[in-house]
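Beneath this line is the structure, given in structure tokens, with notes to follow.
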Amino acid sequence: MKYDKKKAGRRNFLCSTGKALAGLGVIAGGGNLLGQGEAEENMKDSAGKGANSFPTPDYDWTKHRWAYGIDATRCIGCLRCVEACKAENDVIGDAHHFRTWVERYVYLEGDEKVHVDSHADPQNIAASGSEAEYRFDNRYKDAKVSKAFFMPKMCNHCEHPACVQVCPVGATFKTEDGVVLVDRDYCIGCRYCLQACPYGARYFNEELNVADKCTWCYHRITKGLQPACVEVCPTHARIFGDLNDSSSPVSEFIRNNPVQVLKPESGNAPMCFYVGIDKDVS
């Protein structure tokens with residue numbers, strides 16, 4: 001990637017200024033201090049104005065309220081979602097950078113502790129033979145398993161996102177249709193959002209020096225398409241749709257199932273709804 005001296009200088013200035021303000025407690029109330037949310041405001045100005053509006057011609061983000069559903073009882077841990085996400089969104093192709101991931105929860109007879117691993121676990125990497133290929137090993141083939149399930153995870157696109165509150169330059173923002181995005185041109189790489197997220201849903205892109213995370217494939221859903229992970233799921237464990245449409249897949253999923261959210265006590269109000277998880281999932 002071509003080095004942009006002007007942008008790098010701006011980032012260094014904003015980063016040092018943002019950290020100084022944070023040290024003085026100025027950022028406690030939320031983000032939008034050093035850019036006043038200029039990126040978000042520019043998007044709002046152009047959204048919903050018909051042709052050539054952001055982010056897709058004729059897309060009006062005031063008419064949608066996106067949400068995501070996951071049925072953990074259907075997930076088989078095939079990791080096609082992870083592969084599709086990386087390919088669709090150009091995510092770094094190792095086992096440690098990801099916008100969505102899958103965890104395996106295993107309960108063994110006589111053992112009160114739940115065993116949790118993901119595709120980034122060293123044993124799973126060794127089983128795949130490469131950090132660019134993702135699979136779960138067969139370590140429990142001879143064990144007495146009393147219960148096991150797979151748990152897909154990603155950014156929860158919260159109603160009250162902590163990551164937005166702590167961003168000192170307004171680079172992380174929530175759109176009118178409920179999706180939390182990161183403007184790479186404004187991100188200064190301070191990583192405050194990584195620390196604030198209670199779900200560990202963000203990672204740092206060292207190549208671009210910016211924070212990154214799931215966007216629910218915003219470039220796809222604004223064109224009427226499904227997120228890549230939803231499209232490739234062979235068991236329909238992932239459900240996506242518009243809550244403003246009572247007949248959408250996610251509206252029906254929430255209406256017809258006893259759904260839960262992760263860490264409700266955080267106050268973030270996640271917009272990712274689960275079925276088939278237990279108290280050990282966090």
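Overview of results
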read-out: Scan of the stretch 131-175 for residues that are closer than 20 Å to Phe204 by Cα and of a type in the set (D, E, K, R), ordered by number; value: Glu131, Lys153, Lys174
read-out: The listed residue being of a type in the set (A, V, I, L, M, F, W, C), surrounded by fewer than 22 Cβ atoms within 10 Å (Cβ to Cβ) and touching a strand residue (DSSP E or B) at 6+ places or on another chain (Cβ under 8 Å), out of Ala162, Ala126, Ala148, Ala171; value: Ala148
read-out: Candidate set: the stretch 87-121, residues that are within 27 Å of Glu206 (Cα to Cα) and among the aromatic types (Phe, Trp, Tyr); chosen: the one surrounded by the most Cβ atoms within 10 Å (Cβ to Cβ); value: Phe98
read-out: Residue in the stretch 59-82 that is closer than 24 Å to Glu207 by Cα, at pLDDT 80 or above and within 20 Å of the chain's Cα centre (by Cα) present; value: yes
read-out: Matching entry among Ala47, Ala120, Ala51, Ala132 (being at pLDDT below 95 and over 22 Å from Lys213 (Cβ atoms)); value: Ala51
read-out: Residue in the stretch 211-219 that is among the aliphatic types (A, V, I, L, M) and either surrounded by fewer than 22 Cβ atoms within 10 Å (Cβ to Cβ) or within 15 Å of Ala269 (Cα to Cα) (or both) present; value: no
read-out: Ala143 being modelled with pLDDT under 95, out of contact with any helix residue (DSSP H, G or I) (no Cβ under 7 Å at 6 or more places or on another chain) and aliphatic (A, V, I, L, M); value: no
read-out: Strands (runs of 3 or more DSSP E) contained in the stretch 133-184 and holding at least 2 residues under 30 Å from Gly110 (Cβ atoms) and not β-branched (Val, Ile, Thr); value: 145-154
read-out: Residues of the stretch 203-226 classified as closer than 21 Å to Pro152 by Cβ, in a loop (DSSP other than H, G, I, E, B) and touching a residue at least 60 places away in the same chain (Cβ under 8 Å), total; value: 4
read-out: Residue match in the stretch 88-95 (condition: part of a helix (DSSP H, G or I), touching a residue at least 60 places away in the same chain (Cβ under 8 Å) and under 16 Å from Asp212 (Cβ atoms)); value: yes
read-out: Residues that are part of a helix (DSSP H, G or I) and without any contact (Cβ under 8 Å) to a residue 60 or more places away in the chain, drawn from the stretch 190-202; value: Cys193, Leu194, Gln195, Ala196
read-out: Checklist (1) crowded, with 22+ Cβ neighbours inside 10 Å; (2) free of Cβ contacts under 8 Å to residues at least 60 places away in the same chain; (3) basic (Lys, Arg) applied to Lys279, failing item; value: (1)
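The values are calculated or read from the model by the stated rules, or taken from the named source; none is laboratory data. This one's a predicted model, so the numbers in the text were calculated from it and none came from an experiment. Glycine gets a Cβ as well: all are built from the backbone with ideal geometry, and neighbour counts include every protein chain shown.
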